[in-house]
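Q: Take this structure first; my questions come after.
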Amino acid sequence: MKVIFNTIDDYILGFKGDIQLILHRVRETIRAAAPEATEKISYGMPAFYLKGNLVHFAAHTHHLGFYPAPSGLEAFRKEISRYKNSKGAVQFPFDQPVPYELIAEIVRFRVAENLELAAIKKQQRRRPGNEPT
């Protein structure tokens, strides 16, 4: 039976010792890089939201999964190349130091990206001819 978490606190408490410490630090790293973002559980994982999905993270058996959307990984392709990664995820192994500063940089990139996209959408809604009929 799969456990359903309602808060990030609940999620973190579901893990033991060192993994809890890593999850707490990842959460604090994201909060510091995106102080205006709100927290939620999405797809069963801790997530941060700011004018849209910002980032998700999750503890797995041997690694921390970090999910900053494909654009967040593409912008840091060189920096993440030493880790197993895919279009939308990067795996930070628990047997290596977690790159908290890299996580912060990626989050700051995603904040700027989300704010820019929100501003563009807002402008498009205000253009003449875009009024609802």
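Q: Touching a Ser or Thr at 6+ places or on another chain (Cβ under 6 Å), of a type in the set (Ser, Thr, Tyr) and in contact (Cβ under 8 Å) with a residue 40 or more places away in the chain: which single residue out of 49, 100 fits that description?
A: 100
Q: Okay, next question. If you go through region 89-98, how many residues are loosely packed, with under 15 Cβ neighbours inside 10 Å and part of a loop (DSSP other than H, G, I, E, B)?
A: Number satisfying all stated conditions: 3.
Q: Working carefully through the options 106, 30, find the one that is within 13 Å of the chain's Cα centre (by Cα), assigned to a helix (DSSP H, G or I), in contact (Cβ under 8 Å) with a residue 24 or more places away in the chain and closer than 23 Å to residue 17 by Cα.
A: Going through 106, 30 in turn, the sole match is 30.
Q: I'm trying to understand the selection: among the residues of region 55-107, which are under 17 Å from residue 24 (Cβ atoms) and hydroxyl-bearing (Ser, Thr, Tyr)?
A: If the condition is that a residue be under 17 Å from residue 24 (Cβ atoms) and hydroxyl-bearing (Ser, Thr, Tyr), then 100 is the only one that fits.
Q: Pick out the one residue from 65, 72 that is touching a residue at least 24 places away in the same chain (Cβ under 8 Å), part of a strand (DSSP E or B), of a type outside the set (A, V, I, L, M, F, W, C) and closer than 23 Å to residue 94 by Cα.
A: On inspection, the qualifying residue turns out to be 65.
Q: Regarding residue 61, is this residue under 14 Å from the mean Cα position of the chain (by Cα), of a type in the set (S, T, N, Q) and exposed (fewer than 13 other Cβ atoms within 10 Å of the Cβ)?
A: No: the conditions fail for residue 61.
Q: Here's another thing I want to ask about it. Only one of 47, 112 is surrounded by 17 or more Cβ atoms within 10 Å (Cβ to Cβ) and modelled with pLDDT of 95 or more; which?
A: 47
The values are calculated or read from the model by the stated rules, or taken from the named source; none is laboratory data. Keep in mind that what you see is a predicted model, and the values were worked out from it rather than measured. Using ideal geometry, Cβ is built from the backbone for each residue, glycine included, and neighbour counts are taken over all protein chains shown.
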